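Contents: one structure, followed by commentary.
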Amino acid sequence: MHANEKLVVDTLLTRADHVLTCDPSFQVFSPGAVAVHQGTIAAVGPCRDVEQRYEAKETWTLHGHMLLPGLVNTHVHGAMSLFRGVGDDLPLDRWLRERIFPAESRFVGPEFVRLGTLLSCVEMILGGTTTFCDGYFFEESAADAAEHIGMRAVLGQGVLSCPTPDVPDPAQAADRAAAFLESFSRRPSRLVPSLFCHATYTCTPETLRWAKALCRDHGLLFQIHVSETLWETQEIQSRYGRSPVRHLEKLGILDERTLCVHAVWVNEDDLRTLAQTRAAVSHNLESNLKLASGIASLPAMRQAGITVGLGTDGCASNNDLDLFSEMSLAAKIHKAVCGDPTVCSAREVLLMATRQGACALGLGGVTGSLEVGKRADLVAVDINQAHLTPLYDPVSHLVYAARSSDVRHVWVDGVPIVRDGTVQTLDVSHVLGEARRTAQSIRTVLFPP
Ligand SMILES: [Zn+2]
């Protein structure tokens, strides 16, 4: 190769006003460019450097945009978007007993999960989320949805010690889970299976043990709701004489491949235990607020050295899947709670929505930052707007001023899934129409005339 000969790559994303890498040294290139080849980031850096070294089959000129890693939603129940708004302003037990459980027992099946997850995928990808970690029933159908739209996902088959919509006989749960994990050999590598044990109060110690053992055998993520409510921690204390976190630790469940969702009611001993075992936490602020579960102490978790990602939880308790609003709220609410405006900086929160979130899912080497060798999951945010003008600090704007509707283009594995605000891989109006039709049936059961 001659000194002035350029390398040819598939795609060049260039002239972006700012490229936020979210890499360990938090490099920002203004203006910046990213070269992508075979779905992988080949180069990222100042515009001039990358343009001098690379030419591409397809070039995107991104004046008026900032580029950042695709966002990572570490906790979703995708199918539950079909229950968006069916039970607001209710206590958790009535919300579950009167709305969610009756609707789930009547409607949840493979087609429901496919459609609901697809609807969630549309909302997430349009809002800049490229990776999500799901947990529900009939999870093969959730995988079908993620595969169809082209997103990256960790798909957790729901496990409980009682009958569930897809495992009426709990004695079959382990076989069902093993078959689910095996079925992923036929999926694209961006889809990773997982098991999602619902909680310590719905799963017996035996269930937790075999599910964790299966995940460990396959090198996969184990997910569980932990210490979401005060009731839960009191219940586990009375059953086992210890906190949910200690209970999991005693059972040998906690390690770097365990994702503890919520961790609202955790004490100092729990925080130390999570840090020592290197278990990660998914922080689901809006869901915890809406169900009045409480406010997890994010600053204390971060100080203890715990890896924390952001999650939205299911749509039924949020009621959207918007990581921009989660970032904004997370950066503000802990300041008020702690009486300290220096906690949860914009940079820290952005990292939780990107690289930390990816690490929490065991995907730290794959996505979550713009670094050479990682998969090309990127988001272009349109900054040529009144609410983002003037711009002194792109990180500040992303967390405190930008909205998910500012996302213009989204790539997963280097493939443009969203171009100019339009999903390229499916007909969104068809998905919305199907969702409205399904909602008609749900309405007649939950709200009879
Ligand atoms: Zn959840």
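One line per residue, one yes/no per condition, for (1) assigned to a helix (DSSP H, G or I); (2) in contact with a strand residue (DSSP E or B) (Cβ under 8 Å, 6 or more places away or on another chain):
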{"position": "Leu119", "(1), (2)": "yes, no"}
{"position": "Cys133", "(1), (2)": "no, yes"}
{"position": "Glu147", "(1), (2)": "yes, yes"}
{"position": "Pro165", "(1), (2)": "no, no"}
{"position": "Ala173", "(1), (2)": "yes, yes"}
{"position": "Glu182", "(1), (2)": "yes, no"}
{"position": "Ser189", "(1), (2)": "no, no"}
{"position": "Pro193", "(1), (2)": "no, yes"}
Complete set of residues in the range 300-324 that are out of contact with any strand residue (DSSP E or B) (no Cβ under 8 Å at 6 or more places or on another chain), away from the ligand (no atom under 16 Å from the Cβ) and among the aliphatic types (A, V, I, L, M) = Ala300, Ala304
Output yes when any residue across the range 386-402 is assigned to a loop (DSSP other than H, G, I, E, B), touching a residue at least 40 places away in the same chain (Cβ under 8 Å) and under 20 Å from the mean Cα position of the chain (by Cα), and no when none is.
-> yes
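Among the residues of the range 61-95 satisfying the criterion of being part of a loop (DSSP other than H, G, I, E, B) and without any contact (Cβ under 8 Å) to a residue 12 or more places away in the chain, which is nearest to the ligand (Cβ to nearest atom)? I'd like the intermediate steps shown before the answer.
Applying the first criterion (part of a loop (DSSP other than H, G, I, E, B)) to the range 61-95 yields 62-64, 70, 77, 84-91.
Add one more test, that the residue is without any contact (Cβ under 8 Å) to a residue 12 or more places away in the chain, and what stays is 89-90.
Working: Asp89: 19, Leu90: 16 Å.
This residue is Leu90.
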Is there a residue being within 10 Å of the ligand (Cβ to nearest atom), assigned by TED's automatic domain parsing to the domain that holds Val261 and hydroxyl-bearing (Ser, Thr, Tyr) anywhere in the range 288-299?
-> no
Condition test on Arg347, is it more than 16 Å from the ligand (Cβ to nearest atom), farther than 23 Å from Lys212 by Cβ and either of a type outside the set (S, T, N, Q) or at pLDDT below 95 (or both)?
-> yes
Of the residues Glu55, Glu51, Glu5, which is part of a loop (DSSP other than H, G, I, E, B) and either of a type in the set (D, E, K, R) or open to solvent by less than 40 Å² (accessible area, probe 1.4 Å) (or both)?
-> Glu5
Six or more apart or on different chains, Cβ under 6 Å: which pairs go from a residue in the range 251-276 that's more than 17 Å from Gly311 (Cα to Cα) and more than 16 Å from the ligand (Cβ to nearest atom) to one that's charged (D, E, K, R) and part of a loop (DSSP other than H, G, I, E, B)? Could you list them?
-> Glu256/Arg278
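Residues checked against (1) within 25 Å of Cys338 (Cβ to Cβ); (2) surrounded by fewer than 21 Cβ atoms within 10 Å (Cβ to Cβ); (3) among the hydroxyl-bearing types (Ser, Thr, Tyr):
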residue: Arg246; (1), (2), (3): no, yes, no
residue: Leu251; (1), (2), (3): no, yes, no
residue: Arg272; (1), (2), (3): yes, yes, no
residue: Ala280; (1), (2), (3): yes, no, no
residue: Leu285; (1), (2), (3): yes, no, no
residue: Gly294; (1), (2), (3): yes, yes, no
residue: Arg302; (1), (2), (3): yes, yes, no
Residue check, Gly421 farther than 30 Å from Glu98 by Cα and touching a strand residue (DSSP E or B) at 6+ places or on another chain (Cβ under 8 Å) = yes
From Asp175, Asp144, residue being free of Cβ contacts under 8 Å to residues at least 24 places away in the same chain and either within 20 Å of Thr367 (Cα to Cα) or among the charged types (D, E, K, R) (or both) = Asp175
Flagged pairs (Cβ under 9 angstrom, 6 or more apart or on separate chains; first in the range 366-385, touching a residue at least 12 places away in the same chain (Cβ under 8 Å) and assigned to a loop (DSSP other than H, G, I, E, B); second open to solvent by 40 Å² or more (accessible area, probe 1.4 Å) and of a type in the set (Val, Ile, Thr)) are Lys374/Val366; Ala376/Val415; Asp377/Val366; Ile383/Thr389
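The values are calculated or read from the model by the stated rules, or taken from the named source; none is laboratory data. Every value quoted in this text rests on a predicted model; they were computed, and no experiment measured them. Reconstructed Cβ throughout: ideal geometry from the backbone, glycine too, with neighbour counts over all protein chains shown. We work out accessible area using only protein heavy atoms, side chains counted, and drop any ligands, DNA or RNA first. Shrake-Rupley method; radii C 1.70, N 1.55, O 1.52, S 1.80 Å.
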